[in-house]
């Protein structure tokens, strides 16, 4: 089917999700944080792996932890699949949306919260660009080592989901070797913190399980 004809047959508004679910989303998020029209959803139909595309049922753009928790609770309540998205630069299809689900964009979580030049650590939100961290700490003689080829655009949240590396990984390791801790929202909306600011901690290494899980275990928010 020609692309122009195929697109003309698509509904102007999402019709694959329960109206009560959409109404509930609009109650917990600001008006411009819920994208329903075809034109609004089109930019989110694929990541860097453009050979596989699907128009998401709805796109949401939360800007705080409470909103992410609310979205995840609603998705669980209505049994709606959810896919988290960073900058959409990945080539593995990790951000490919579900046509009957929610595309959860973390683009508005874009702040560097703090930098500790003594410990050589930073606390950042997942929508911060990889290269932006190195730019922010360059005057201190520091940088963030994992440097995928898309570092000018890719986000730390996406790096965590994919366990991204780069040429520096030969010396400094992958993302899993450079992230100490994370704040995570689970599928039911619960918030947990995994890892520790200490290099070694007792118990299970949950960071190693979470980093590279492509959002299957939860959504990183910090």
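Overview of values
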item	result
Test: residue in segment 137-150 that is within 16 Å of the chain's Cα centre (by Cα), assigned by TED's automatic domain parsing to the domain that holds residue 216, over 21 Å from residue 28 (Cβ atoms) and modelled with pLDDT under 95	yes
Among residues of segment 197-209, those that are surrounded by 12 or more Cβ atoms within 10 Å (Cβ to Cβ) and either more than 21 Å from residue 165 (Cα to Cα) or modelled with pLDDT of 95 or more (or both), counted	1
Residues of segment 149-160 satisfying the condition of being under 15 Å from residue 91 (Cα atoms), in a loop (DSSP other than H, G, I, E, B) and touching a helix residue (DSSP H, G or I) at 6+ places or on another chain (Cβ under 7 Å)	151, 154
Matching residues in segment 111-131 - criterion: being without any contact (Cβ under 8 Å) to a residue 24 or more places away in the chain and not in a strand (DSSP E or B)	111, 118, 120, 131
Selected residue [at negative phi and surrounded by 18 or more Cβ atoms within 10 Å (Cβ to Cβ)] from 167, 220	220
Counted residues, segment 65-83 - those being part of a helix (DSSP H, G or I), more than 14 Å from residue 33 (Cα to Cα) and in contact with a helix residue (DSSP H, G or I) (Cβ under 6 Å, 6 or more places away or on another chain)	1
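The values are calculated or read from the model by the stated rules, or taken from the named source; none is laboratory data. Please read these numbers as outputs of a predicted model, since none were measured by experiment. Note: ideal-geometry Cβ built from the backbone for every residue, glycine included; neighbour counts use all protein chains shown.
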